[in-house]
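Remarks on the structure that follows.
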Amino acid sequence: MNSNSTDPLVVFTPSGKRGRFAKGTPVLTAARRLGVDLDSVCGGRGICSKCQITPAFGDFPKHGVTVESGALSDWNAVEQRYKDKRGLTEGRRLGCQATIQGDVVIDVPPESQVHKQVVRKAATARAIVMDPATRTYLVEAAEPDMHDPTGDLERLKRALRDQWQIDDLRAGLAVLSKLQPALRKGGWQVTVTLFQDHRGGPAQLLDIWPGFHDAGLYGLAIDLGSTTIAAHLCDLTDGQVLASSGVMNPQIRFGEDLMSRVSYAMMNPGGAADMTAAVRMALNGLVQGLTTESGIDPALIYEAVLVCNPVMHHLALGLDPVELGQAPFALATSDSIALPAAALDLTTLNDSAQVYILPCIAGHVGADAAAVALSEEPHKSKDLVLVVDVGTNAEILLGNETRVLACSSPTGPAFEGAQISSGQRAAPGAIERIEIDPVTKEPRFRIIGLDMWSDDPGFAEAAAATGITGICGSGIIEAVAEMRMAGLLDASGLIGSTDQTGTPRCIAEGRTHAYTIWDGSADGGPLITVTQGDIRAIQLAKSALYAGARLLMDEMGVDKVDRVVLAGAFGAHISPKHAMVLGMIPDVALDKVQSAGNAAGTGARIALCNNAARAEIEQVVHQITKVETAIEPRFQDHFVAASAIPHATDPFPELAQVVTLPDVSFNTGGDGAGNRRRRRRG
């Protein structure tokens with residue numbers, strides 16, 4: 001890639017890969033040169049449409065660019081022909097046709113990516129008492145009578161009261177138009193779908209069919225995260241999860257972390273509306289994928305439960321998030337919300353579908369944290385439990401049956417594989433597990449989609465199907481911890497040179513060094529390394545996480561917790577040992593660390609399937625004490641101490657019983673053995 005500093009800067013999301021390219025370079029060409037996952041099978045002739053991209057415009061302080069309206073070439077005849085014949089979503093361009101004319105931020109949507117994302121927030125098996133807000137009822141209404149001049153709706157209300165003890169009913173105009181034909185075709189016997197709010201009030205008539213109807217009744221549990229959106233399609237009769245799927249949040253192109261998105265809304269008129277439109281489009285696409293996979297008619301989805309952090313909460317609802325970017329971090333509303341799906345432009349559900357959004361705890365602790373509390377129930381725990389839901393914005397709960405505290409910690413997207421030099425989302429071909437031999441310093445790893453280690457016979461042949469494409473969040477976390485255990489990384493987070501570590505895998509990179517995990521360049525593949533910049537990104541993320549947990553412990557007046565629950569995609573895919581070596585969580589016996597899987601998604605499913613759970617969590621959130629990390633001076637003190645691996649001041653005695661960390665110290669001089677010391681820890 002020949003470029004100079006005056007060439008336009010191109011930033012691709014969600015990968016975060018960037019580079020400078022001469023004006024007139026096709027977007028598809030730039031993507032291929034940077035190793036961006038952008039599909040194309042027609043050779044750039046504008047036929048296959050697989051290279052669709054979405055440019056973003058405005059000020060992007062996070063990326064250091066301002067994108068003007070002419071950043072890409074004008075819409076051309078090939079794109080117009082494709083739009084006329086097959087349709088093209090508003091705002092999309094074809095990467096083979098659009099050329100780079102200025103600095104630009106370009107989002108690659110999920111359907112344009114070759115390696116489709118693997119859902120790392122899959123549904124966790126959970127026994128749930130079924131008591132959904134939406135149910136179907138078979139009702140026999142009285143026929144109209146000249147001597148009893150009441151309307152059909154009024155006689156349906158009377159039948160529901162007599163036969164099902166449902167006292168009142170309201171119906172929108174759309175479903176009311178179906179009432180009379182259904183009653184007459186069914187011989188005055190109909191099946192109705194009703195939504196009954198847990199807070200009381202009249203039941204809402206969502207749908208009606210003649211006679212007995214049993215086509216199915218379905219709902220969605222959606223975990224709307226900063227980086228990933230995960231959704232579970234559930235049967236509302238038995239709670240079974242029929243399909244799960246996840247996509248990258250397209251808002252990443254406006255900013256990888258929450259405050260970047262708030263800044264985008266502040267600096268760009270209409271920016272909040274653009275982010276709202278992007279996430280609603282993604283939700284509709286996600287629902288389409290789930291219904292296609294499961295074979296379920298989307299018209300049979302009558303309800304959705306949504307959990308999200310406060311910024312995502314406001315953007316999903318179409319509310320301006322600016323107040324959440326400055327003290328006192330005021331929410332437009334912290335109460336739970338029930339509203340028609342149509343109000344959120346969720347057009348892929350039944351026309352009468354309803355959405356329930358769990359309550360937020362405070363300005364930086366949202367409905368996702370409430371869902372975690374509903375799932376893990378720290379308020380019912382006898383012992384002191386720390387629940388950590390790791391993501392771009394981590395939610396942390398600490399408590400027992402006496403008291404529960406909560407905070408959020410801005411860990412950033414590094415744990416998701418973003419802001420990492422060889423990082424990528426969780427997709428087939430991504431390194432997800434890694435071990436490094438402490439003697440030879442040689443790595444062995446596993447990739448998503450293949451149940452083999454890289455040193456197993458036949459691995460190369462089996463991996464050829466996907467290739468070895470990069471490293472995802474779980475892989476980079478294990479890589480950094482393994483490097484520390486193998487003596488490739490000192491406690492300050494500095495990578496040693498070849499002479500200092502004794503392995504040629506530690507290569508010079510300017511004034512710092514990088515550790516080589518995989519070099520596929522000879523065959524046209526990527527060089528996958530862990531760079532000093534990657535280490536710093538992980539240090540920042542893990543320090544924020546640890547500091548948040550430690551702040552809650554200070555508030556509780558304790559130095560130890562009894563057990564730790566790791567939630568989210570991280571919790572399901574990272575070993576407690578690696579989390580402890582990295583210093584992500586406070587020191588505790590490893591057998592007291594457990595995974596809860598996607599606890600926020602589980603909480604959403606509980607609220608979807610059990611009406612009483614909604615009332616319970618609405619009461620519980622008022623009993624949780626919020627600790628604000630943004631204005632607490634001790635947070636910075638804990639953050640600085642936690643930048644060491646595992647920690648600068650905490651001795652981690654429980655960890656020392658199972659892991660011996662080499663006491664090595666490196667400098668950037670590269671003078672080798674004189675800077676290398678080893679001593680048993682603990």
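A few remarks follow.
- Region 91-99 - phi-based ³J(HN,Hα) in whole Hz, Karplus 6.51/-1.76/1.60, Gly and Pro as x: x, 7, 10, 8, x, 7, 9, 6, 10
- Net charge contributed by nearby residues that have their C-beta within less than 14 Å of F639 (K/R +1, D/E -1): 0
- Share of carbon and sulfur in the accessible heavy-atom surface of the chain [1.4 Å probe, %]: 50 percent
- Among the listed pairs K62/K542; K577/K626; K83/K178, those with a Cα-Cα distance over 24 Å are K577/K626; K83/K178.
- Taking Lys and Arg as +1 and Asp and Glu as -1, the other residues whose beta-carbon sits under 13 Å from that of R170 total -3.
- Amide proton proximity set for L236, modelled H, under 5 Å, gap of 5+: L217, Y218, G219
- Percentage relative contact order, the chain, counting C-alpha pairs under 8 Å, at least six apart: 12 percent
- For region 341-398, the relative contact order comes to 21 percent (Cα pairs under 8 Å, sequence separation of at least 6).
- Theoretical gain in end-to-end length, R33 to S177 [0.36 nm per residue, Cα-Cα removed]: 46.2 nm
- Put a plus charge on the Cβ of each Lys and Arg, a minus charge on the Cβ of each Asp and Glu, and nothing anywhere else: the dipole of the chain about its Cα centre is then about 1440 debye.
- In summary, the aspartates and glutamates within cross-link reach of K23, defined as a Cα separation below 17 angstrom excluding same-chain residues under 8 places away, comprise D7, E68, D74, D103.
- Note on the chain: helix-only mean residue ellipticity at 222 nm, from DSSP H runs of 4+ residues weighted -39500 (n - 2.57) and normalised by residue number, equals -8500 deg cm²/dmol.
- Span-like helix check, the chain: qualifying full DSSP H segments, with Cα axial length of 24 Å or more and mean Kyte-Doolittle of -0.5 or more, are 271-294, 532-556.
- Those trypsin sites (Lys or Arg not before Pro) in region 193-273 that DSSP places in a loop and that have at most 11 other beta carbons within 10 Å: R199
- Computed log₁₀ I(q)/I(0) - Debye formula, equal Cα scatterers, no solvent, region 116-233, q 0.14, 0.17 Å⁻¹: -0.69, -0.88
- Cα-based Rg / Dmax (Å) for region 219-345: 15.2, 47
- Positive-end extreme of charge dipole, the chain - chosen from S665, L283, A330 (charges on Cβ): S665
- Distance from the C-alpha centroid of region 152-176 to that of region 380-455: 50 Å, rounded to the whole angstrom.
- Along the axis of the charge dipole computed for the chain (Cβ charges of +1 for Lys and Arg, -1 for Asp and Glu, origin at the Cα centre), the listed residues Y218, G24, P321 are led at the positive end by G24.
- Computed from the Cα positions only, the extents of region 393-520 along the three principal axes stand at 53, 37, 26 Å, in decreasing order.
- Inverse mean reciprocal Cα-Cα distance (Kirkwood Rh) of region 389-434, Å: 12.7 Å
- Most to least accessible of K17, K592 (protein chains only, probe 1.4 Å): K592, K17
- Dipole axis of the chain (+1 Lys, Arg; -1 Asp, Glu on Cβ), positive-most option in L153, T503, S73: T503
- Centre-to-centre separation between the Cα atoms of region 636-650 and those of region 459-492: 24 Å.
- Proximal aspartates and glutamates relative to K592, as straight alpha-carbon distance under 19 Å, when same-chain residues fewer than 8 apart are discounted: E376, E377, D383, D389, E401, D559, D562, D650, E654
- On the principal axes of its alpha carbon atoms, region 376-460 extends 54, 28, 27 Å, with the longest extent given first.
- 1.4 Å probe accessible area per residue over the chain, in Å²: 39 Å²
- Computed from the Cα positions only, the extents of the chain along the three principal axes stand at 105, 67, 53 Å, in decreasing order.
- Computed with a 1.4 Å probe on the full set of protein chains, the accessible area for S352 sits at about 30 Å².
- By accessible area with a 1.4 Å probe, ligands and nucleic acids excluded, highest first: order of H638, H622, H314: H622, H638, H314
- For the pair R158 and A215, a Förster radius of 35 Å applied to the C-beta separation gives a FRET efficiency near 0.85, rounded to the nearest 0.05.
The values are calculated or read from the model by the stated rules, or taken from the named source; none is laboratory data. Because the structure is predicted, anything quoted here is derived from the model rather than measured. Cβ coordinates were reconstructed from backbone atoms using ideal geometry, including for glycine residues, and neighbour counts include every protein chain displayed. For accessibility, only protein heavy atoms count, side chains too; no ligands or nucleic acids. Shrake-Rupley method; radii C 1.70, N 1.55, O 1.52, S 1.80 Å.
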